[in-house]
1. Does at least one position in the range 260-274 carry a residue that is assigned by TED's automatic domain parsing to the domain that holds residue 420, surrounded by 19 or more Cβ atoms within 10 Å (Cβ to Cβ), more than 25 Å from residue 36 (Cα to Cα) and in contact with a helix residue (DSSP H, G or I) (Cβ under 8 Å, 6 or more places away or on another chain)?
2. Would you check if there is a residue in the range 371-390 being buried (at least 18 other Cβ atoms within 10 Å of the Cβ), over 21 Å from residue 243 (Cα atoms), assigned by TED's automatic domain parsing to the domain that holds residue 248 and modelled with pLDDT under 85?
3. Look at residue 224 and say whether it is modelled with pLDDT of 70 or more and either in contact with a helix residue (DSSP H, G or I) (Cβ under 6 Å, 6 or more places away or on another chain) or assigned by TED's automatic domain parsing to the domain that holds residue 352 (or both).
4. Looking at (1) in contact with a helix residue (DSSP H, G or I) (Cβ under 7 Å, 6 or more places away or on another chain); (2) over 19 Å from residue 303 (Cβ atoms), can you tell me which one residue 357 breaks?
5. What single numbered condition from (1) under 24 Å from the mean Cα position of the chain (by Cα); (2) surrounded by fewer than 19 Cβ atoms within 10 Å (Cβ to Cβ); (3) touching a residue at least 60 places away in the same chain (Cβ under 8 Å) fails to hold for residue 411?
6. Kindly evaluate residue 51 against the criterion of being under 30 Å from residue 267 (Cβ atoms) and at pLDDT 55 or above.
7. Which is at pLDDT below 90, crowded, with 17+ Cβ neighbours inside 10 Å, part of a loop (DSSP other than H, G, I, E, B) and under 20 Å from the mean Cα position of the chain (by Cα), of 79, 155, 68?
8. Within the range 178-207, take every residue that is without any contact (Cβ under 8 Å) to a residue 12 or more places away in the chain and farther than 21 Å from residue 47 by Cα and give me the one that is surrounded by the most Cβ atoms within 10 Å (Cβ to Cβ).
């Protein structure tokens, strides 16, 4: 009887353990999406609050400097946070502490030349106070993003969600209070970014869960980061060009109304960004770790399973846009908006956007495998294809031509990523 009881108890513990693991896996997929949702919501609220509170001239100044910060953050992401994400997978806790400190040091060093560019731009269009607060905002934002990526690389997405709420939702809350009191200016706005990002960075650093140690040979760390990230940097620059080429071509050759129409329908698809970006947040570090521990096949299976899971989350919204595009345009912009007539364009861009999702999923896997040079070649080929097509297609067909050029670009990226992955598997 006692033996039977012990066996039953063992089976119960085994079943409960299996149930707990399945529950943990489900939550592991939930937290990256929730975290990215917090970030996206905070950014969206910040943009709305600033636009409503500032005069058009002041908001124009904010947009220029904020856009420049986003561009500089892209350089930091390629050269610091991406190498940090993939390096954590192959290090033990003792070395992770050195890696995090080295990443923070390199972030500060990289911010020096960026600060000169940012101060010059801020000083020229808004005065020295704007330039100085923009610099502080840039540095605190990049330090916070470094500690955030360290948490994500260790798959601590629940912790990252809490700290991102401090940074992004806290930022929107403070800006709202200032706007209600009539005290919001571009300089004060960047001071708020510095404050909330700085607080979040300190909290994140205390929650990483490893002993932080001074790295030996910072120059060697810098060289390692550069060798890991310079192809990603090239890909980032090329991709940013491609993203901006379509609306700028519409603006220059067909007028601002066509460019506004493209942005209007793109905004509806932007609702999917939290899921798409969170896919990268979990696939890059997790697949990199799996590749080190269990090999290419295991990393590929993990990336594929995550891509399918996240794709199923997107499917209802994508289907709704395809079936009811006019309804969604009316809900977002009002039934009397001229954008409501762009339902056919929205339907076409939604189909093309599916190519973007698949291409992006493959790109995240290749990033995890550190196949960055062929990834750069793929991005370059896609951008060259887009550059050759976008102007004549925009001139001849307007907005539909721009969408078709976007589709050719994304199809080229998808085909190239498939070819690269097949060669990796060979």
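The values are calculated or read from the model by the stated rules, or taken from the named source; none is laboratory data. Here the structure is a predicted model, which means the values were calculated and not measured. Neighbour counts are summed over all protein chains in view; Cβ atoms, including those assigned to glycine, are modelled from backbone coordinates with ideal geometry.
1. yes
2. So far as the range 371-390 goes, yes, one or more of its residues are buried (at least 18 other Cβ atoms within 10 Å of the Cβ), over 21 Å from residue 243 (Cα atoms), assigned by TED's automatic domain parsing to the domain that holds residue 248 and modelled with pLDDT under 85.
3. No, not satisfied.
4. (2)
5. Condition not satisfied by residue 411: (3).
6. Numbers: under 30 Å from residue 267 (Cβ atoms): yes; at pLDDT 55 or above: yes.
Yes; evaluated as a whole, the condition is true for this residue.
7. Answer to the check: 155.
8. 202
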